[in-house]
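Below you'll find the structure, written out as structure tokens, and then a few comments.
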Amino acid sequence: MLSLSHPHPHPSAASTAPRHRTPRSAATPASRRRRARHIAATAIILPGGGGGGGGPSDRKLPFTPPPMAPPGQLYQPFHPPPSPLPANYRNLDLRQRLEVLRDRMGQWHEYAPLISALTRDGFTPSSIEEATGISGVEQNSLVVAAQVRDSLLDEKAFPADLVPFFDHYGAPEVLYELRFLNARQRADAAKHAIDNRLDPKGVRELARSMKDFPRRRGDDGWETFTGASPADCLAYARFRQSREAIDVEDQIAELERALQVVETEAARARVEVEMERAKKKAAGEAVEDAEDDPSARPAVTVVRLQYGEVAEASTVLLLPVVRETDGVAAVDAAPRRSKTDVDLGIVEVDKGWARWAVVPGWGPVAEAADEAVVIELADGRVLPWRSAEEEKVLVIADRRRKEVVEEGLYVLDKEGRLVVEKGRNLVERGVGTAVAEVVMVVRPPKEVDDMISDDEWD
């Protein structure tokens, strides 16, 4: 039941005031509402066990009192975040903080947070430099290096006993170069830098190679190097620089530097093969290098669609589409064109299909239209050209042509996934039959025309 009471009870008034009973019929709804406004609920009584009100069996809803502050203190439900400053610097005034920075008192990673604190207080890099003698460049290096060091402390993959290695005066320049890497890469790069006693320039080269390695997927030789190994990332960067060098002596020098740091056996074997070719070139011997022969490049057209090109085309083709994750079974199951009415534009296929692509009636595609299928690749960087970008591409393939030749480009099934590989690589591995031969590669429209040229093939 609900226990109600008047908001202003008076014990004497309850006993001495005369009682006037108003008949029920005379009480109006308005008067009842007025009386209800002076009544407040103090508790909700829940009957227990079938008894009436007021007995010991009645129960009240549980009530949790609000938190109370200790005696003599103000209760504050909001707690500010902990100070980023070390404990020994938190109670210093402004003059003392500037003295710490000016005299470099303590470890660099201890007084580096003072720079951020001064910036939050309104100081500019130039005013801090005027007061402490620390240049703006060094201020930025100290702040960033301290953040990188903190991330190493939080990373479980980095041994705690190696952290004191970065307590020396020149450590900020080393840690500053790791700012572009994620936490795990920073830990691996820091361990590699400690093991090999790298200077800031060497750490910069290492960090850039680790950052750049995933972007080079699809480049020649990339698959033989291991991205989880900082040494292999650095070796691959030097391996790639050797291939870009014009002078043979420069190529050999870069390959020697790659052999000094390469870690995995597969990567070392790839660098040694390239070294043998470079030495033969330096000696004037004939080198059989299919990659240097223009006639050995894949004879495949690569085009980028233009906005409105399909709508303006005089002839278009409707081709079935499969995803790269669908596997070889989807390529075989894709419908084939059985009848075409050119005058009325009617195309008849042997079965229904869910996904189709409309492309202009290019000559190479029109010749293979009866057995053509489109493979949708989520990342164009798996294709063998240097300027490949991270974008979706369509690979148009002819299912009638399955025999592998060195000059072609082919679709293969690799662990249930459709991939594109060069014919010469397949011949070297003894693969004689593929799923289909690539006829054309179609890239999506883009504002700037960056059509790749023939010499950009690896």
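A single member of THR340, THR301, THR325, THR315 is modelled with pLDDT of 85 or more, among the β-branched types (Val, Ile, Thr) and open to solvent by 30 Å² or more (accessible area, probe 1.4 Å), and it is THR325. Considering SER116, SER141, the condition of being small (Gly, Ala, Ser) and under 21 Å from LYS201 (Cβ atoms) is satisfied by SER141 alone.
Could you check, for the range 179-194, whether at least one of its residues is buried (at least 18 other Cβ atoms within 10 Å of the Cβ) and over 30 Å from GLN139 (Cβ atoms)? No, there is no match, as no residue in the range 179-194 is buried (at least 18 other Cβ atoms within 10 Å of the Cβ) and over 30 Å from GLN139 (Cβ atoms).
Evaluating ARG257 against the criteria (1) open to solvent by 20 Å² or more (accessible area, probe 1.4 Å); (2) at pLDDT below 90 leaves one unmet condition, (2).
May I ask you to verify whether ASP220 is open to solvent by 30 Å² or more (accessible area, probe 1.4 Å) and in a loop (DSSP other than H, G, I, E, B)? Considered against the rule, which asks whether it is open to solvent by 30 Å² or more (accessible area, probe 1.4 Å) and in a loop (DSSP other than H, G, I, E, B), ASP220 comes out as yes. Going by what's in this entry, would ALA258 be described as aliphatic (A, V, I, L, M), in contact with a Phe, Trp or Tyr (Cβ under 6 Å, 6 or more places away or on another chain), more than 30 Å from GLU138 (Cβ to Cβ) and part of a helix (DSSP H, G or I)? Yes: the conditions hold for ALA258. Quick check: anything in the range 410-429 surrounded by fewer than 20 Cβ atoms within 10 Å (Cβ to Cβ), modelled with pLDDT of 85 or more, in contact with a strand residue (DSSP E or B) (Cβ under 8 Å, 6 or more places away or on another chain) and in a loop (DSSP other than H, G, I, E, B)? No: zero hits.
Pairing residues of the range 418-432 that are in contact (Cβ under 8 Å) with a residue 24 or more places away in the chain with residues that are surrounded by fewer than 15 Cβ atoms within 10 Å (Cβ to Cβ) and among the hydroxyl-bearing types (Ser, Thr, Tyr), at Cβ distances under 8 Å and at least 6 apart in sequence or on separate chains, gives LEU418/THR325. Pairs are defined by a Cβ separation below 8 Å, a sequence spacing of at least 6 or placement on different chains, a first member in the range 136-153 that is in contact (Cβ under 8 Å) with a residue 40 or more places away in the chain, and a second member that is among the aromatic types (Phe, Trp, Tyr); the pairs so defined are ARG149/PHE166. In the range 368-382, what residues are open to solvent by 20 Å² or more (accessible area, probe 1.4 Å), under 16 Å from LEU318 (Cβ atoms) and outside any loop (DSSP other than H, G, I, E, B)? Correct list: GLU376 only.
Within the range 141-184, being in a helix (DSSP H, G or I), hydrophobic (A, V, I, L, M, F, W, C) and within 26 Å of the chain's Cα centre (by Cα) holds for VAL143, VAL144, ALA145, ALA146, VAL148, LEU152, LEU153, VAL174, LEU175, ALA183. Among residues of the range 225-237 that are assigned to a loop (DSSP other than H, G, I, E, B), those with a beta-carbon under 7 Å from a residue that is of a type in the set (A, V, I, L, M) at least six positions away or on a different chain give the pairs PHE225/ALA235; PHE225/ALA267; THR226/ALA267.
Considering the range 94-137, the residues that are part of a loop (DSSP other than H, G, I, E, B) and of a type in the set (A, V, I, L, M, F, W, C) include one that is surrounded by the fewest Cβ atoms within 10 Å (Cβ to Cβ), namely MET105.
Against the numbered list (1) at pLDDT 85 or above; (2) within 35 Å of the chain's Cα centre (by Cα); (3) part of a loop (DSSP other than H, G, I, E, B); (4) surrounded by 13 or more Cβ atoms within 10 Å (Cβ to Cβ), PRO335 comes up short only at (2). Within the range 347-368, the set of residues being farther than 21 Å from ARG323 by Cβ and of a type in the set (A, V, I, L, M, F, W, C) comprises VAL347, TRP362, ALA366.
SER229 passes every criterion in (1) touching a Ser or Thr at 6+ places or on another chain (Cβ under 8 Å); (2) of a type in the set (S, T, N, Q); (3) open to solvent by 20 Å² or more (accessible area, probe 1.4 Å) apart from (3). Here is the figure for the range 194-210: residues that are touching a residue at least 24 places away in the same chain (Cβ under 8 Å) and either touching a Cys at 6+ places or on another chain (Cβ under 9 Å) or not in a helix (DSSP H, G or I) (or both) total 5.
The values are calculated or read from the model by the stated rules, or taken from the named source; none is laboratory data. These numbers were taken from a predicted model, which means no experiment stands behind them. Reconstructed Cβ throughout: ideal geometry from the backbone, glycine too, with neighbour counts over all protein chains shown. Heavy atoms of the whole protein, side chains included, go into the accessibility calculation; ligands, DNA and RNA do not. Shrake-Rupley method; radii C 1.70, N 1.55, O 1.52, S 1.80 Å.
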